[in-house]
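Visitor: Just dropping this structure here.
Each value in this text was obtained by applying a stated rule to the coordinates, not by laboratory testing. Here the structure is a predicted model, which means the values were calculated and not measured. Cβ: placed from backbone, ideal geometry, glycine included. Neighbour counts: every protein chain shown.
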Protein chains: 4
Amino acid sequence: MPDPIDRLASLFERFPGIGPRQAQRFVQFLLRSSPSVRREFISGVQDLGGSVHQCPECMRFHTGKKGPCSICADPGRDLSLLAIVASDADLLALERSHTYNGKYFVLGGLLSLASDRLGNLHVKELTSSLPKRVKAGLAEVILAFPANPEGDSTAVRVREIVTEENVPGLSVTTLGRGLSTGSELEYADPDTLKSALDNRK
Amino acid sequence: MPDPIDRLASLFERFPGIGPRQAQRFVQFLLRSSPSVRREFISGVQDLGGSVHQCPECMRFHTGKKGPCSICADPGRDLSLLAIVASDADLLALERSHTYNGKYFVLGGLLSLASDRLGNLHVKELTSSLPKRVKAGLAEVILAFPANPEGDSTAVRVREIVTEENVPGLSVTTLGRGLSTGSELEYADPDTLKSALDNRK
Amino acid sequence: MPDPIDRLASLFERFPGIGPRQAQRFVQFLLRSSPSVRREFISGVQDLGGSVHQCPECMRFHTGKKGPCSICADPGRDLSLLAIVASDADLLALERSHTYNGKYFVLGGLLSLASDRLGNLHVKELTSSLPKRVKAGLAEVILAFPANPEGDSTAVRVREIVTEENVPGLSVTTLGRGLSTGSELEYADPDTLKSALDNRK
Amino acid sequence: MPDPIDRLASLFERFPGIGPRQAQRFVQFLLRSSPSVRREFISGVQDLGGSVHQCPECMRFHTGKKGPCSICADPGRDLSLLAIVASDADLLALERSHTYNGKYFVLGGLLSLASDRLGNLHVKELTSSLPKRVKAGLAEVILAFPANPEGDSTAVRVREIVTEENVPGLSVTTLGRGLSTGSELEYADPDTLKSALDNRK
């Protein structure tokens, strides 16, 4: 029987950005907490399964009524645009920027470089929804992935997949590249400088 | 009713070193995990309450049999020394250094600078155990706290408390100060230089 | 008479990125060096005045023959493009990227936010050269400044200055903004996200 | 003939803590500076050779009158103590701490791990001064080197050298080791913990 302290620590090590030492600190924190704090924490995790729903349209998690989330239910959004993002966090970043009023679709991750399995990504949910979306006015799919190798290879695959659906009048775009806020030419990589020159205006 | 996502995120924010953004990432991680992973995690936290015991002598948490921990039960430890440490992690650091063979007592925290309440610290467990420990041979209490303001003020208070117990023949010491591995004179603070000079040998 | 050590240290403090402590280290380094090392250093600085020339066309420093630098003398460069950069280092970064084959002009700095004096910048050299450059085919001035407040306000001023020259057929562009290599949506600022959306393609 | 820009940059690369990119920035800074700034800088370096003297007693550099520096000339210093330090910077750090009133000797560096040549260190100046210093009351040599491998091996060698001088009644000490300000037990290395325990008081 493995040590409960080590076992919980190894579960915390799977959390994003957590190493062995911080995982141990988390366990010590819970050990030193009162039983009522631990119970509160356990019920917090349990509640995720109960009162949190995945929006059947954009696949993000929300806690409103079961069914479409508040963005998908909002009649004021621009139906001609669909931004495909990797995660709920990326969706929320775009919302916070107040620069986008179209719809979203959360893919649920990125292709890893080690494997290009689409296994856990919501690809089928995306493609099966396209005809209905186009009928409702969708004209452009925006691949809004991070500017890194995983984001790039995911964009390539999703573009192929959407293109294979052969939806007439549907264009696929990617986010613009160039200098981002704070970029200095002296330290910019050649790809960014090339994009900055290509996209000058 | 508060949002379960935000509620769990605010619980994670109480974890040591975790800010709002990482707390949200933890919740998203659990949301995206399968129900079986969440159940495993919940049972891991529940197990802390069941199979983890607090050693009644040194107050650290362990997973052996109920009762004294392996260090407190070890007949080979030097009963004349008692190192009082803030946390299980500090105790383990001293053990890893293989330079100490006395007994330990885990205070369970430090006095904060904002308040000097001893509330959560195991002061009563410490003082009530002193007569028995002295009878068993205890001659020196070592205040092994970090070299920072919280550690210093905790050392001052614990020294007062132990001294008030008026145990004949019991001395109270603190860890030596000076250059620590890697210290350069040019960047050392005056207190460290003073200790390094005072403790030269 | 000020102390020579402190006087030289205060000269080193004017070097980019050098604080008081490192300036003192530089002086100590020179003090501990042999007189021949100091002489070599002195002659190195003196040589800058002798064998280094400022290109009369792009204003960058070079060590070829007096007169135009190798880039300005190269007949293979595209005369229709003129990239205005802040520094020689930014010019070299663009060259290293192998994505630009036009001409350059080094402004010699950026407007600071504290003052918008153009004093030290080569504005007159720029404007006086425009008619000749346009006659030779110049069609587009590219403001290639860093994506920070100083770069932005310099771009605004240089655009005004070039526009006031009233050169027919001359357009002024700025480098494209958007995600730069490595950017993640979650951590991108709203301006960058807005540019990335606006410049999608 | 090497390029004067690159040649000066390679001289700057020898400065402590300066890499190729910052060396190039320094050259660009001097290139962009006015000739009068460069002349001021050159004369600043030249002045080091003229008006800066090395104290014949402690070997540090100073700008007072030729001869002993202000510390060595101060009749109020404790002649029974001699702190041997690696550099002027370390001497000044001890002075700033206001915890030491003895004399100093600047060794001029540390033994490197790659080579244990004493070549550039002022060992002969140290040993030849010992008889006179002892006659004047010197009783203790304090090896005040940084707590790193270079400092440790230098301490070992200097201790040997001083001991070989066979001066009756002269003791050799090293700075005390232990927790330095800010040290936490959890992150302290075993050597520091051992010293902290050994030097408890």
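Visitor: Within 10 Å of each Cβ in peptide C:55-63, how many partner chain Cβ atoms are there on average? Round it to a whole number, please.
Guide: Mean number of neighbouring Cβ atoms from other chains: 2.
Visitor: Taking only the alpha-carbon positions of the range B:4-51 and ignoring solvent, what does the Debye formula give for the base-10 log of I(q)/I(0) at q = 0.25, 0.26, 0.29, 0.30 Å⁻¹?
Guide: For the range B:4-51, the Cα-only Debye profile gives -0.97, -0.99, -1.05, -1.06.
Visitor: Which lysines have a Cα less than 27 Å from the Cα of C:Lys132, not counting those fewer than 8 places away in the same chain?
Guide: A:Lys201, C:Lys65, C:Lys66, C:Lys103, C:Lys124
Visitor: Pick out, in residue order, every one of the trypsin sites (Lys or Arg not before Pro) in the range A:58-118 that is DSSP loop and has at most 11 other C-beta atoms within 10 Å; say none if there are none.
Guide: Listed in order of number, the matching sites are A:Lys65, A:Lys66, A:Arg117.
Visitor: How far apart, in nm, are the 7 Å Cα→Cβ label points at A:Thr127 and A:Ser43?
Guide: Taking the simple label geometry, A:Thr127 and A:Ser43 are separated by 4.5 nm.
Visitor: For peptide D:82-93, how many partner chain Cβ atoms fall within 10 Å of a residue's Cβ, on average?
Guide: Across D:82-93, the average partner-chain Cβ count within 10 Å equals 4.
Visitor: Suppose only helical runs count, i.e. DSSP H with n ≥ 4. What mean residue ellipticity at 222 nm does that imply for chain D under -39500 (n - 2.57) per run, divided by all residues and rounded to the nearest 500 deg cm²/dmol?
Guide: About -13500 deg cm²/dmol.
Visitor: Ok, one more. Put a label point 7 Å from Cα along the Cβ direction on D:Glu95, then list its distances to the equivalent points in the other copies in nm, shortest first.
Guide: Ordered by increasing distance: 4.6, 5.0, 6.2 nm.
Visitor: Let me ask you something else. If Lys and Arg each add +1 and Asp and Glu each add -1, what is the summed charge of the other residues whose beta carbon sits under 12 Å from the beta carbon of B:Asp74?
Guide: Combined, the nearby Lys, Arg, Asp and Glu give -1.
Visitor: Sort out for me the Cα centre separation of the range C:131-201 from the range A:110-154, rounded to whole Å.
Guide: 31 Å
Visitor: Report the one residue of B:Pro149, B:Thr192, B:Leu30 whose Cα lies farthest in the direction of the positive end of the charge dipole of chain B (charges on C-beta: Lys and Arg +1, Asp and Glu -1; origin at the Cα centre).
Guide: So the residue we want is B:Leu30.
Visitor: Using Stokes-Einstein with the Kirkwood hydrodynamic radius over Cα pairs, what translational diffusion coefficient do you get for the protein assembly as shown at 4 °C and a viscosity of 1.567 mPa s, in µm²/s rounded to a whole number?
Guide: 39 µm²/s
Visitor: Can I ask one more? When the Cα centres of the range C:4-26 and the range A:1-21 are compared, how far apart do they sit, in Å?
Guide: Taking the Cα centre of the range A:1-21 as reference, the centre of the range C:4-26 is 49 Å away.
Visitor: So the label point sits 7 Å from Cα along the Cα-to-Cβ vector; using that for B:Asn148, what distances do you get to the other copies, in nanometres, sorted shortest first?
Guide: Relative to the other copies, B:Asn148 has label-point distances of 2.4, 2.9, 3.1 nm.
Visitor: Now, a different point. Tell me, B:His62, D:His53 in order of fewest to most beta-carbon neighbours within 10 Å?
Guide: D:His53, B:His62
Visitor: When Lys and Arg each count +1 and Asp and Glu each count -1, what net charge do the other residues less than 13 Å away from C:Arg25, Cβ to Cβ, add up to? The partial results should precede the final answer.
Guide: Values: positive: C:Arg21, C:Arg32, D:Arg14; negative: B:Glu184, B:Glu186, C:Glu13, D:Asp88, D:Asp90.
So the surrounding residues net to -2.
Visitor: Just which residue of chain D brings its Cβ nearest the axis of rotation onto chain A, and by how many angstrom, rounded whole?
Guide: D:Gly19, 15
Visitor: D:Asn148's amide H: which non-local residues (gap 5+, or another chain) put their own amide H closer than 5 Å, with H modeled 1.01 Å from N in plane and none for Pro or chain starts?
Guide: B:Gly182
Visitor: Under a 5 Å amide H to amide H cut-off, with H placed in plane at 1.01 Å, what residues pair with A:Gly102 once short-range neighbours are removed?
Guide: It is A:Asp78, by chain and number.
Visitor: What order do you get for D:Asp74, B:Asp90 when you list them from fewest to most C-beta neighbours inside 10 Å?
Guide: Details: D:Asp74 11, B:Asp90 25.
With the sparsest Cβ surroundings first, the list reads D:Asp74, B:Asp90.
Visitor: Where nothing but the Cβ of Lys and Arg (+1) and of Asp and Glu (-1) is charged, how large is the charge dipole of the protein assembly as shown around its Cα centre, in debye to the nearest 20? Write down the numbers at each step before the final one.
Guide: Working: 96 positive and 96 negative charges, 1 e Å.
Roughly 0 debye for the protein assembly as shown.
Visitor: Something else: Ordered by packing density, taken as the mean number of other Cβ atoms within 10 Å over each peptide's residues, highest first, how do D:19-26, C:20-27 rank?
Guide: Packing proxy ranking, top to bottom: C:20-27, D:19-26.
Visitor: Once the principal axes of the Cα atoms of chain D are found, what is the range along each, listed largest first in whole angstroms?
Guide: Sorted largest first, the three principal extents are 58, 48, 32 Å.
Visitor: In addition: Within 10 Å of each Cβ in peptide A:44-54, how many partner chain Cβ atoms are there on average? Round it to a whole number, please. All intermediate terms of the calculation are to be shown ahead of the outcome.
Guide: Values: counts 11, 11, 5, 5, 10, 7, 1, 5, 7, 0, 2.
Partner Cβ neighbours, averaged per residue: 6.
Visitor: Could you give me the ³J(HN,Hα) list for the range B:175-189, computed from phi with Karplus coefficients 6.51, -1.76, 1.60 and θ = phi - 60°, whole Hz, x at Gly and Pro?
Guide: 4, x, 10, x, 5, 9, 3, x, 4, 10, 4, 4, 9, 6, 7
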